[in-house]
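**Student:** The structure under discussion is supplied below as structure tokens; questions concerning it will follow.
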Amino acid sequence: MSSPSKRREMDLMKLMMSDYKVEIINDGMHEFYVHFHGPNDSPYHGGVWKIRVELPDAYPYKSPSIGFINKIYHPNVDEMSGSVCLDVINQTWSPMFDLVNVFEVFLPQLLLYPNPSDPLNGEAAALMMRDRSAYEQRVKEYCEKYAKLQDIGAAPEGEEEEMSSVEASDNEYESDDDEMAGPADP
């Protein structure tokens, strides 16, 4: 059973070394979040989603479980739970695939080519089939409302916090220098 464990570790490291931000949950390699950007040339472009990934013990022989944390308007994603209807993950998964495939191929393909005939979000599927431009407008509205970096607690907020703590420590040194240079308190 060490082979699936080593493969899980290798795939996770490969994902972490790619352009995706990965947040490990509970210091294990079974659950983590990945920040996923909507593909160019799609109405999802500009959106950022936090994707929860759970790897089963039998990974890579059994597919990962993935779900959107922040809302997305898509026929094949359940709006409330974030679960994804994607054959390559749910039925036709192969150990030849890895986590990078999920984020560089499968999810972008899902967003670029929704399948309204197999919906988890019936409203989105019906709108897409009835009025494609209204569907794309709704997608863009959801991106604006729910899929910005601040909606997923992404790097800029963390960087601000880090910057604040760095600035605070710099200011502490400056104030220490000022105090040392100024007159001593009686």
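The values are calculated or read from the model by the stated rules, or taken from the named source; none is laboratory data. Bear in mind that the values here come from a model prediction, so they are computed numbers and not experimental data. Counting neighbours? That spans all protein chains shown, and the Cβs are built from the backbone with ideal geometry, glycine included. Note: areas computed on protein heavy atoms with side chains; ligands, DNA, RNA excluded. Shrake-Rupley method; radii C 1.70, N 1.55, O 1.52, S 1.80 Å.
**Student:** Name the residues in region 72-105 that are in contact with a strand residue (DSSP E or B) (Cβ under 9 Å, 6 or more places away or on another chain), within 18 Å of Phe32 (Cα to Cα) and not β-branched (Val, Ile, Thr), would you?
**Tutor:** Answer for region 72-105, where residues must be in contact with a strand residue (DSSP E or B) (Cβ under 9 Å, 6 or more places away or on another chain), within 18 Å of Phe32 (Cα to Cα) and not β-branched (Val, Ile, Thr): Ser81, Gly82, Ser83, Leu99, Phe103.
**Student:** Pick from Ile72, Ile51: which is assigned to a loop (DSSP other than H, G, I, E, B), among the β-branched types (Val, Ile, Thr) and open to solvent by less than 20 Å² (accessible area, probe 1.4 Å)?
**Tutor:** After ruling out the rest, the residue left standing is Ile72.
**Student:** Sort out which residues of region 1-29 are loosely packed, with under 12 Cβ neighbours inside 10 Å and outside any helix (DSSP H, G or I), and write them in order of number.
**Tutor:** Within region 1-29, the subset loosely packed, with under 12 Cβ neighbours inside 10 Å is 1-3, 6, 9, 17, 19, 26-28.
Those that are loosely packed, with under 12 Cβ neighbours inside 10 Å and outside any helix (DSSP H, G or I): Met1, Asp19, Asn26, Asp27, Gly28.
**Student:** Go through region 34-43 and count every residue that is open to solvent by 50 Å² or more (accessible area, probe 1.4 Å) and more than 15 Å from Asn101 (Cα to Cα).
**Tutor:** Counting residues in region 34-43 that are open to solvent by 50 Å² or more (accessible area, probe 1.4 Å) and more than 15 Å from Asn101 (Cα to Cα) gives 2.
**Student:** Hey, can you tell me all the residues within region 116-153 that are in a loop (DSSP other than H, G, I, E, B) and either surrounded by 17 or more Cβ atoms within 10 Å (Cβ to Cβ) or within 21 Å of the chain's Cα centre (by Cα) (or both)?
**Tutor:** Across region 116-153, the qualifying residues are Pro116, Pro119, Leu120, Asn121, Ala147, Lys148, Gly153.
**Student:** Residue check, Leu86 against (1) within 18 Å of Pro108 (Cβ to Cβ); (2) touching a His at 6+ places or on another chain (Cβ under 9 Å); (3) open to solvent by less than 30 Å² (accessible area, probe 1.4 Å), all met but one. Which one?
**Tutor:** The failed condition is (2).
**Student:** Cβ-Cβ under 6 Å, sequence separation 6+ or interchain: first residue in region 96-120 and under 13 Å from Ile66 (Cα atoms), partner assigned to a loop (DSSP other than H, G, I, E, B) and open to solvent by 50 Å² or more (accessible area, probe 1.4 Å). Which pairs?
**Tutor:** The qualifying pairs do not exist here.
**Student:** Determine if region 30-46 includes at least one residue that is in contact with a Pro (Cβ under 7 Å, 6 or more places away or on another chain), assigned to a loop (DSSP other than H, G, I, E, B), at pLDDT 95 or above and under 24 Å from Gly122 (Cβ atoms).
**Tutor:** yes
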